[in-house]
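Some notes on the structure that comes next.
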Amino acid sequence: MAKKNESSLIEYDPLAWMNTEEKPTDVVAILPKQAPDLESLASDALSAKVILQATQSIQNVMQLHEQLVDILRNTSDTIEVDASAITACDTATMQLFVVLKQEMLQLERNLVFDFPSDKFVEAADLLGVSSMLGVDKSAAGFF
Amino acid sequence: MSVRIIAIINQKGGVGKTTTTANLTYALAKVGKKVTVIDFDPQGHLAISLGLFSKQHVGIDAVMLGEASLEEVIIPVRENLQLVPAGTKLQDIELLNDGGVQRGDLLRKALSNSLQDQDFVFIDCPPSSGLLVANVLFATEEILIPMASDFMALQGLSHLMETIRKFEKVLKKTYKTQLVISRYTASRRLSKEVVAKLQHYFPKQILATVIRETALLAECPSFGKTILEYRPSSPSARDFHDLASDFLIGKVM
């Protein structure tokens with residue numbers, strides 16, 4: 001988090017991430033590999049990014065759950081989920097995202113799905129949670 | 001030299017996109033540049049700002065949907081300045097779900113090999129980050145970001161830059177990105193701090209002239225006039241005249 005000059009009128013610096021090359025967020029984790037090393041996660045991280053692999057199912061939902069809980073503990077503001085590569089996403093995963101979204105709302109934090117794939121949007125639609133998750137159909141499927 | 005296509009973009013509303021587009025493009029046309037401006041906001045405010053009060057024009061919507069050619073929908077609005085209206089179906093394009101990635105490429109295709117006699121094509125983007133903006137980012141190599149000098153504009157800029165970085169990565173290109181400070185209030189310390197913050201993150205990318213917030217700029221759209229026509233000797237008219245000069249010669253802060 002950017003430091004505040006004592007006399008400055010700007011406390012939080014939304015552009016601070018631009019000082020880091022390429023990565024717009026503080027953490028990038030790849031699933032469903034081994035549990036990610038989150039030690040490097042700064043305690044005051046403003047946002048974290050989770051990149052989902054093509055298939056998300058009940059077989060790896062526990063691992064995703066653990067990772068999200070870790071991030072939630074260490075992140076103060078936003079979790080970005082990159083769902084652009086999803087080709088299959090089951091109910092268990094969607095339920096996890098619904099619970100996470102509710103938790104984030106209670107904590108006044110943000111859960112954002114970046115450019116979700118068509119399949120991800122389709123799954124969210126099918127379960128009636130696309131609106132709740134804020135999945136943007138119009139921006140889906142580009143990446 | 002081929003035509004330069006520039007997106008005037010910021011998904012945050014109220015930062016001065018349409019005001020900048022109307023006045024900057026007219027100022028460029030006035031010094032002899034051939035300019036086409038595309039109203040890419042379904043609200044059609046740019047067309048109104050340039051004096052077209054009817055919303056019944058066929059526009060870029062029809063071109064993107066293959067129902068008309070670009071030449072058919074162009075409307076000359078001033079000497080050297082022509083407008084492509086939004087059209088009534090542009091809103092529907094924003095909600096297109098079918099067509100996969102191709103639906104992001106409609107504008108680029110619509111503009112390809114067109115307007116080659118023009119110096120500049122400016123696209124006035126909607127205040128959103130959906131399919132229309134995706135189309136713009138597919139179609140352009142240059143971005144001009146109007147930035148109001150307040151904190152929430154910084155927050156909006158952060159989101160916009162994330163989007164731009166994603167498109168750069170996927171499309172494997174780097175946009176020429178410039179900023180213009182709009183709605184600037186010199187008497188506010190916060191305005192100065194916001195500009196300083198922007199200079200830190202966007203060195204040599206901010207056009208030198210700031211556009212001051214004035215009542216006149218808010219008045220002129222209802223007359224269908226740019227500020228250079230409405231009050232040609234006003235400080236705001238001078239701001240846009242200078243901004244056009246900065247844009248042409250690349251004068252930055």
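Computed quantities for the displayed model
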quantity: Any hit, segment B:143-155, residues being of a type outside the set (A, V, I, L, M, F, W, C) and under 15 Å from the mean Cα position of the chain (by Cα); calculated: yes
quantity: Selection from segment B:150-202 of residues that are of a type in the set (Lys, Arg) and either crowded, with 18+ Cβ neighbours inside 10 Å or not in a loop (DSSP other than H, G, I, E, B) (or both); calculated: B:165, B:166, B:169, B:176, B:183, B:189, B:192, B:197
quantity: Test result for residue B:67, of a type in the set (Asp, Glu) and not in a loop (DSSP other than H, G, I, E, B); calculated: no
quantity: Of all residues in segment A:80-112 being in contact with a helix residue (DSSP H, G or I) (Cβ under 6 Å, 6 or more places away or on another chain) and in a strand (DSSP E or B), the one that is farthest from the other protein chains (Cβ to nearest Cβ); calculated: A:89
quantity: Test result for residue A:10, within 13 Å of chain B (Cβ to nearest Cβ), closer than 27 Å to residue B:164 by Cβ, within 16 Å of the chain's Cα centre (by Cα) and at pLDDT 80 or above; calculated: no
quantity: Search result, residues across segment B:175-192 that are β-branched (Val, Ile, Thr) and within 12 Å of another protein chain (Cβ to nearest Cβ); calculated: B:177
quantity: Residue check for residue A:40: in a loop (DSSP other than H, G, I, E, B), modelled with pLDDT under 85, closer than 25 Å to residue B:160 by Cα and of a type in the set (S, T, N, Q); calculated: no
quantity: Single match in B:92, B:105, B:61 (criterion: over 21 Å from residue B:221 (Cβ atoms), crowded, with 22+ Cβ neighbours inside 10 Å, free of Cβ contacts under 8 Å to residues at least 40 places away in the same chain and in contact with a helix residue (DSSP H, G or I) (Cβ under 9 Å, 6 or more places away or on another chain)); calculated: B:61
quantity: Selection count, segment B:51-108, where residues are within 14 Å of chain A (Cβ to nearest Cβ) and among the basic types (Lys, Arg); calculated: 2
quantity: Number of the condition not met by residue B:5 [criteria: (1) modelled with pLDDT of 95 or more; (2) of a type outside the set (S, T, N, Q); (3) over 30 Å from residue B:162 (Cβ atoms)]; calculated: (3)
quantity: Test result for residue B:247, of a type in the set (A, V, I, L, M, F, W, C), within 14 Å of chain A (Cβ to nearest Cβ) and closer than 26 Å to residue A:18 by Cα; calculated: no
quantity: Residue, farthest from residue B:37 (Cα to Cα), within segment B:214-237, restricted to residues that are among the charged types (D, E, K, R) and touching a Leu at 6+ places or on another chain (Cβ under 9 Å); calculated: B:231
quantity: Residue B:114 being of a type in the set (S, T, N, Q), within 23 Å of residue B:26 (Cβ to Cβ), without any contact (Cβ under 8 Å) to a residue 60 or more places away in the chain and more than 9 Å from chain A (Cβ to nearest Cβ); calculated: yes
quantity: Members of segment B:203-229 found to be buried (at least 21 other Cβ atoms within 10 Å of the Cβ) and of a type in the set (Val, Ile, Thr), listed by number; calculated: B:206, B:209, B:210, B:211, B:226, B:227
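The values are calculated or read from the model by the stated rules, or taken from the named source; none is laboratory data. As the structure is a computational prediction, the values presented were derived from the model and not from experiment. Cβ coordinates were reconstructed from backbone atoms using ideal geometry, including for glycine residues, and neighbour counts include every protein chain displayed.
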